[in-house]
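The values are calculated or read from the model by the stated rules, or taken from the named source; none is laboratory data. The model shown is predicted, which means the values in this text are computed figures rather than measured ones. Glycine gets a Cβ as well: all are built from the backbone with ideal geometry, and neighbour counts include every protein chain shown. What goes into the accessible areas is simple: the full protein's heavy atoms, side chains included, and nothing from ligands, DNA or RNA. Shrake-Rupley method; radii C 1.70, N 1.55, O 1.52, S 1.80 Å.
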Amino acid sequence: MTRIHVPNDTAARSVGADEVAAALARVPAVRDGHVTVSRNGSRGAYSMEPLLEIDTADGRIGFANVSAADVPSLFANGIPARSHEKCIGLVDKVPWLADQVRLTFARVGRIDPLSLDDYRAVGGLRGLERAVSMSPAAIVQEVSASGLRGRGGAAFPAGIKWETVRNANAAQKYVVCNADEGDSGTFADRLLLEADPFQLIEGMTIAGLAVGATQGYVYLRSEYPYAAKVFAEALLIARQAGVLGAAVGSGAHAFDIALRMGGGAYICGEETALLESLEGKRGVVRAKPPLPALQGLFGQPTVINNVLTFAAVTDVLAQGAQHYAAHGMDRSTGTMPFQLGGNIQRGGLVELPFGITLRELVERFGGGSYSGRPLRAIQVGGPLGAYLPASQWDTPLTYEHFASIGAMLGHGGIVAFDDTVDMAAQAEFAMAFCAHESCGKCTPCRVGSTRGVEVIQRLRRREKVREQWDLLEELCETMELGSLCALGGLTPMPVRSVMKHFTADLLAPAGAAPPASQVAS
């Protein structure tokens, strides 16, 4: 029987995937039961959505950007021919996908997200099965040997964090997943939760085994209702199958996971504010020490990692630390799911080993600007990341290389801007964003960001330029060194990058054309 796959991902649904599925249900072959329609997750190739895939003896054949109106003609003579104008051939051979190195996202778009059998058939649960047979210390050692670092933005070595919690003396420990994905241009967490939710469950369960925790919590962004629905169903299935519960994987260890929805605040992506919110309090940053690894959720030792970190752990345990560490560059080991957005021709998720240059990523995979105009700036790492000029696009995408140029990788979000962008407005937005999202606990962030907006506005009006410029530099230093958390501490990064690389925009009248030297050819 022929099977047709239609993505059930939020992004695909936003451009008509549900309507395509409904139209397929009216096709005679489907209605008569000769052809079945499966709702798979997206492959993250968002410029091709809705991407309809059809099983053949050679593999899945893809048809890109299919609309409901296309379905009657597409299936007028039975299964669509490969000669059809929307056919992209074998999906696995499409260069945009074939040239990636997918470890964490190897299954997305290929399986039914809520089929545990599908998950097992393509390598799922192998990491957990191995972990059940290992000692907690051995699990942590494997994670440490892989070089895995937190993918949420801070890039702290996961093994060190897990070892700290493992060694903590407490009757109750917790594993918390930060799924409050709030950075602009990021969607990897949502894609994985919707397309491969059992991977997160497996990764968190491995963490529970490693540190001696019996309870896990996923703190999910409130703007992800469909991801919440899918993950909640996945939790039920996992409990029924014994993946979660009193005897994980038929072993002696108990572990369960509860889903909690976020409060809609960007600051709750900061781990201590997240813990406050998870405890039912207002999301406000805690002072450190104590570290969450020693006194975290409800005052107990807690592992807090991002969705992608827990997901990567499954591959580390299944394939071994050396297999994972063989990818990447220097101390940036493994792969990173880069998320291409903004003014980009081919947006979507591109998973590659650390070390590819920003230019190659944006030009080879992104295809340049969507507008067709020259690109001028690229922001990497979310709203707190630096705006990079063309002269820095040949920098390898690693934690160390980006730190050396005053930038960061963050969660892997990449937002492109063409030559029509007003970089002074972007600098002002960085301060305004901080002012809007600040929890208000510390003065440098709460007051400094508001003053920052005012100073940049005066600069743009060319009022006492030298005095305001010096004041902005001092303000950035105060925020960086005096803020309680990364929101206030990193807001100066995008502002300073504009001051250094796009100086003319800050000192030119609003709407003036950028210098030709600052536009990529």
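I'd like to compare 13-25, 77-89, 296-308: which one has the highest average count of other Cβ atoms within 10 Å, and what's the full order after that?
The densest-packed peptide leads the list: 296-308, 13-25, 77-89.
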Euclidean distance between Cα centres, the stretch 99-123 to the stretch 2-60, Å
17 Å
Among (i) 26.4; (ii) 28.8; (iii) 24.3, the entry that matches mean projected area of the Cα convex hull in nm² as calculated here
(iii)
Can you order the peptides 219-229, 181-191, 427-437 by their average number of other Cβ atoms within 10 Å per residue, highest first?
181-191, 427-437, 219-229
Whose amide H sits under 5 Å from the amide H of L397, counting only residues 5 or more places off or on another chain, with H placed in the peptide plane?
G355, I356, T357, L358
Enumerate the amide H contacts of G413 below 5 Å, restricted to partners 5 or more residues apart or on another chain; note that Pro and chain-start residues carry no placed amide H.
Q339, G381, G382
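Within 10 Å, count the other beta carbons around each residue, average over each peptide in 409-419, 28-38, and list them highest first.
Packing proxy ranking, top to bottom: 409-419, 28-38.
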Heavy-atom accessible area of F75, protein chains in place, probe 1.4 angstrom, given in Å² to nearest 10, is 20 Å²
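If DNA, RNA and ligands are ignored and the probe is 1.4 Å, what is the ranking of K93, K173 by accessible area, most exposed first?
Working: K93 145, K173 15 Å².
The ranking, largest first, comes out as K93, K173.
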Protein accessible area in the stretch 104-175, 1.4 Å probe - carbon and sulfur %:
48 percent
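Please identify the DSSP H helices in the chain that span no less than 18 Å along the helix axis (Cα) and have a mean Kyte-Doolittle hydropathy of 0.5 or more. Don't skip to the answer; put the middle values down first.
Details: long enough: 197-211 (22 Å, 1.27); 225-240 (23 Å, 0.61); 307-319 (19 Å, 1.54); 423-437 (21 Å, 0.60); 443-460 (25 Å, -0.34); 465-482 (25 Å, -0.40).
Those that pass (Cα extent of 18 Å or more, hydropathy at least 0.5) are 197-211, 225-240, 307-319, 423-437.
For a 30 Å ceiling on Cα separation, which of these pairs sit above it: K288/K500; K464/K500; K161/K441?
Exceeds cut-off: K288/K500.
Measuring with a 1.4 Å probe in the full set of protein chains, what accessible area per residue, in whole Å², belongs to the chain? Walk me through the numbers before you get to the answer.
Values: 19910 Å² over 521 residues.
Accessible surface, normalised per residue, equals 38 Å².
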Go through M134, M261, M423 and list them by solvent-accessible area, largest first, probe radius 1.4 Å.
M261, M134, M423
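T333: net charge of surrounding residues, Cβ under 15 Å, Lys/Arg +1, Asp/Glu -1, itself excluded?
Details: positive: R149, R151, R331; negative: E142, D315, D330, E351, E400.
Summing Lys/Arg as +1 and Asp/Glu as -1 gives -2.
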Along the stretch 245-253, Karplus-curve 3J(HN,Hα) (6.51, -1.76, 1.60; θ = phi - 60°) to the nearest Hz, with x for Gly and Pro, reads x, 6, 9, 5, x, 6, x, 9, 9
